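Inspection log for the structure reproduced underneath, given as C-alpha coordinates.
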(Lines give C-alpha, C1' and ligand atoms only; values in the text may rest on other atoms or scores of the structure.)
Protein backbone atom coordinates (compact mmCIF):
# COMPACT_ATOMS: atom_id res chain seq x y z
CA UNK A 1 0.00 0.00 0.00
CA UNK A 2 2.83 2.41 0.86
CA UNK A 3 4.55 1.66 -2.45
CA UNK A 4 1.35 2.44 -4.40
CA UNK A 5 1.03 5.78 -2.60
CA UNK A 6 4.68 6.57 -3.34
CA UNK A 7 4.28 5.65 -7.01
CA UNK A 8 1.06 7.69 -7.30
CA UNK A 9 2.85 10.70 -5.81
CA UNK A 10 5.77 10.35 -8.23
CA UNK A 11 3.38 9.94 -11.17
CA UNK A 12 1.46 13.07 -10.13
CA UNK A 13 4.70 15.07 -9.93
CA UNK A 14 5.70 13.88 -13.41
CA UNK A 15 2.30 14.84 -14.85
CA UNK A 16 2.45 18.28 -13.22
CA UNK A 17 5.98 18.75 -14.59
CA UNK A 18 4.96 17.77 -18.12
CA UNK A 19 1.82 19.92 -18.08
CA UNK A 20 3.81 22.79 -16.64
CA UNK A 21 5.94 22.84 -19.77
CA UNK A 22 2.94 24.05 -21.83
CA UNK A 23 3.09 27.75 -22.66
CA UNK A 24 -0.25 28.75 -21.15
CA UNK A 25 0.03 26.96 -17.84
CA UNK A 26 1.60 28.42 -14.71
CA UNK A 27 2.80 26.11 -11.98
CA UNK A 28 2.60 27.79 -8.59
CA UNK A 29 4.97 30.69 -8.79
CA UNK A 30 5.35 34.37 -9.40
CA UNK A 31 5.01 37.13 -6.85
CA UNK A 32 1.27 36.57 -6.44
CA UNK A 33 1.43 32.79 -6.24
CA UNK A 34 0.01 31.56 -9.54
CA UNK A 35 -2.27 28.55 -9.28
CA UNK A 36 -1.21 25.30 -10.91
CA UNK A 37 -2.90 24.09 -14.06
CA UNK A 38 -4.83 27.24 -15.00
CA UNK A 39 -5.53 26.91 -18.70
CA UNK A 40 -8.13 29.49 -19.77
CA UNK A 41 -6.64 30.51 -23.10
CA UNK A 42 -4.41 33.27 -21.72
CA UNK A 43 -0.71 32.80 -21.22
CA UNK A 44 0.64 32.98 -17.70
CA UNK A 45 2.37 36.33 -18.17
CA UNK A 46 -0.81 38.02 -19.43
CA UNK A 47 -2.85 36.57 -16.57
CA UNK A 48 -0.24 37.70 -14.07
CA UNK A 49 -0.15 41.25 -15.48
CA UNK A 50 -3.94 41.44 -15.42
CA UNK A 51 -4.05 40.03 -11.88
CA UNK A 52 -1.56 42.69 -10.76
CA UNK A 53 -3.79 45.42 -12.19
CA UNK A 54 -6.80 43.85 -10.52
CA UNK A 55 -4.94 43.81 -7.21
CA UNK A 56 -4.28 47.55 -7.67
CA UNK A 57 -7.99 48.02 -8.33
CA UNK A 58 -8.74 45.92 -5.26
CA UNK A 59 -6.54 48.25 -3.20
CA UNK A 60 -8.32 51.32 -4.59
CA UNK A 61 -11.72 49.81 -3.87
CA UNK A 62 -10.68 48.97 -0.32
CA UNK A 63 -9.25 52.40 0.44
CA UNK A 64 -12.37 54.02 -1.02
CA UNK A 65 -14.53 51.66 1.06
CA UNK A 66 -12.72 52.59 4.28
CA UNK A 67 -12.87 56.32 3.47
CA UNK A 68 -16.59 56.11 2.69
CA UNK A 69 -17.25 54.23 5.90
CA UNK A 70 -15.23 56.80 7.88
CA UNK A 71 -17.28 59.61 6.36
CA UNK A 72 -20.48 57.70 7.14
CA UNK A 73 -19.45 57.57 10.79
CA UNK A 74 -18.27 61.17 11.03
CA UNK A 75 -20.53 63.27 8.80
CA UNK A 76 -22.25 66.17 10.59
CA UNK A 77 -24.34 69.16 9.65
CA UNK A 78 -27.78 69.91 8.32
CA UNK A 79 -27.64 67.08 5.76
CA UNK A 80 -26.44 64.45 8.22
CA UNK A 81 -29.38 62.07 7.65
CA UNK A 82 -29.31 61.83 3.86
CA UNK A 83 -25.48 61.81 3.69
CA UNK A 84 -25.22 59.21 6.44
CA UNK A 85 -27.55 56.96 4.41
CA UNK A 86 -25.85 57.72 1.07
CA UNK A 87 -22.42 56.89 2.48
CA UNK A 88 -23.83 53.71 4.05
CA UNK A 89 -25.36 52.61 0.75
CA UNK A 90 -22.14 53.34 -1.10
CA UNK A 91 -19.84 51.51 1.28
CA UNK A 92 -22.17 48.49 1.09
CA UNK A 93 -21.80 48.54 -2.71
CA UNK A 94 -18.03 48.95 -2.45
CA UNK A 95 -17.83 45.91 -0.19
CA UNK A 96 -19.50 43.87 -2.94
CA UNK A 97 -17.04 45.27 -5.51
CA UNK A 98 -14.12 44.30 -3.28
CA UNK A 99 -15.27 40.70 -3.13
CA UNK A 100 -15.93 40.55 -6.88
CA UNK A 101 -12.50 41.99 -7.77
CA UNK A 102 -10.75 39.57 -5.40
CA UNK A 103 -12.65 36.65 -6.88
CA UNK A 104 -11.70 37.77 -10.40
CA UNK A 105 -8.01 37.70 -9.37
CA UNK A 106 -8.54 34.17 -8.07
CA UNK A 107 -10.33 33.13 -11.29
CA UNK A 108 -7.19 34.12 -13.17
CA UNK A 109 -5.20 31.82 -10.92
CA UNK A 110 -3.49 34.28 -8.61
CA UNK A 111 -3.74 35.36 -4.98
CA UNK A 112 -5.73 38.46 -4.09
CA UNK A 113 -4.06 41.04 -1.89
CA UNK A 114 -5.65 41.13 1.52
CA UNK A 115 -3.76 43.28 4.01
CA UNK A 116 -3.88 46.98 4.72
CA UNK A 117 -0.13 47.18 4.08
CA UNK A 118 -0.61 45.70 0.61
CA UNK A 119 -3.58 47.96 -0.10
CA UNK A 120 -1.73 51.13 0.94
CA UNK A 121 1.28 50.07 -1.14
CA UNK A 122 -0.83 49.38 -4.25
CA UNK A 123 -3.48 52.10 -4.12
CA UNK A 124 -3.46 55.30 -6.14
CA UNK A 125 -5.90 56.91 -3.69
CA UNK A 126 -5.03 58.74 -0.50
CA UNK A 127 -6.44 58.43 2.97
CA UNK A 128 -7.66 61.27 5.16
CA UNK A 129 -5.81 60.11 8.24
CA UNK A 130 -6.63 62.28 11.23
CA UNK A 131 -8.89 64.54 9.16
CA UNK A 132 -12.67 64.78 9.32
CA UNK A 133 -13.61 67.35 6.67
CA UNK A 134 -16.89 69.22 6.34
CA UNK A 135 -19.69 67.31 4.58
CA UNK A 136 -19.25 69.02 1.20
CA UNK A 137 -15.50 68.25 1.26
CA UNK A 138 -16.29 64.62 2.10
CA UNK A 139 -18.54 64.45 -0.94
CA UNK A 140 -15.91 66.08 -3.16
CA UNK A 141 -13.18 63.74 -1.89
CA UNK A 142 -15.28 60.66 -2.58
CA UNK A 143 -16.26 62.00 -6.00
CA UNK A 144 -12.60 62.59 -6.85
CA UNK A 145 -11.74 59.04 -5.77
CA UNK A 146 -14.54 57.50 -7.84
CA UNK A 147 -13.43 59.50 -10.86
CA UNK A 148 -9.85 58.30 -10.34
CA UNK A 149 -11.07 54.71 -10.22
CA UNK A 150 -13.16 55.29 -13.36
CA UNK A 151 -10.13 56.62 -15.27
CA UNK A 152 -8.04 53.66 -14.13
CA UNK A 153 -10.81 51.25 -15.10
CA UNK A 154 -10.73 52.69 -18.63
CA UNK A 155 -7.01 51.93 -18.83
CA UNK A 156 -7.52 48.42 -17.42
CA UNK A 157 -10.33 47.75 -19.91
CA UNK A 158 -8.04 48.74 -22.79
CA UNK A 159 -5.27 46.56 -21.36
CA UNK A 160 -7.49 43.49 -20.99
CA UNK A 161 -8.97 44.06 -24.46
CA UNK A 162 -5.50 44.09 -26.00
CA UNK A 163 -4.74 40.76 -24.30
CA UNK A 164 -8.06 39.23 -25.38
CA UNK A 165 -9.27 38.66 -21.80
CA UNK A 166 -12.94 39.12 -22.57
CA UNK A 167 -14.06 37.91 -19.13
CA UNK A 168 -12.08 40.54 -17.24
CA UNK A 169 -12.89 43.19 -19.85
CA UNK A 170 -16.64 42.60 -19.39
CA UNK A 171 -16.29 42.50 -15.62
CA UNK A 172 -14.48 45.86 -15.63
CA UNK A 173 -17.02 47.39 -18.05
CA UNK A 174 -19.82 46.49 -15.64
CA UNK A 175 -17.85 47.89 -12.73
CA UNK A 176 -17.18 51.21 -14.46
CA UNK A 177 -20.94 51.73 -14.92
CA UNK A 178 -21.48 51.18 -11.19
CA UNK A 179 -18.75 53.67 -10.27
CA UNK A 180 -20.14 56.21 -12.73
CA UNK A 181 -23.55 55.98 -11.05
CA UNK A 182 -21.99 56.37 -7.59
CA UNK A 183 -20.04 59.41 -8.84
CA UNK A 184 -23.23 60.90 -10.30
CA UNK A 185 -25.01 60.49 -6.95
CA UNK A 186 -22.19 62.31 -5.17
CA UNK A 187 -21.90 65.00 -7.85
CA UNK A 188 -25.62 65.73 -7.56
CA UNK A 189 -25.07 66.80 -3.95
CA UNK A 190 -22.51 69.40 -5.03
CA UNK A 191 -24.59 71.05 -7.77
CA UNK A 192 -26.97 73.92 -7.11
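The values are calculated or read from the model by the stated rules, or taken from the named source; none is laboratory data. A quick note: this is a predicted structure, and the numbers were derived from the prediction, not measured. When we count neighbours, we look across all protein chains shown, and the Cβ atoms used for this are built from the backbone with ideal geometry, even at glycine.
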May I ask you to verify whether residue 117 is without any contact (Cβ under 8 Å) to a residue 24 or more places away in the chain and closer than 16 Å to residue 61 by Cα?
yes
Any residue in segment 83-98 that is over 20 Å from residue 183 (Cα atoms), surrounded by 20 or more Cβ atoms within 10 Å (Cβ to Cβ), modelled with pLDDT of 95 or more and touching a helix residue (DSSP H, G or I) at 6+ places or on another chain (Cβ under 8 Å)?
no
Return a yes/no flag: does segment 139-149 have any residue that is exposed (fewer than 13 other Cβ atoms within 10 Å of the Cβ), part of a helix (DSSP H, G or I) and touching a residue at least 60 places away in the same chain (Cβ under 8 Å).
no
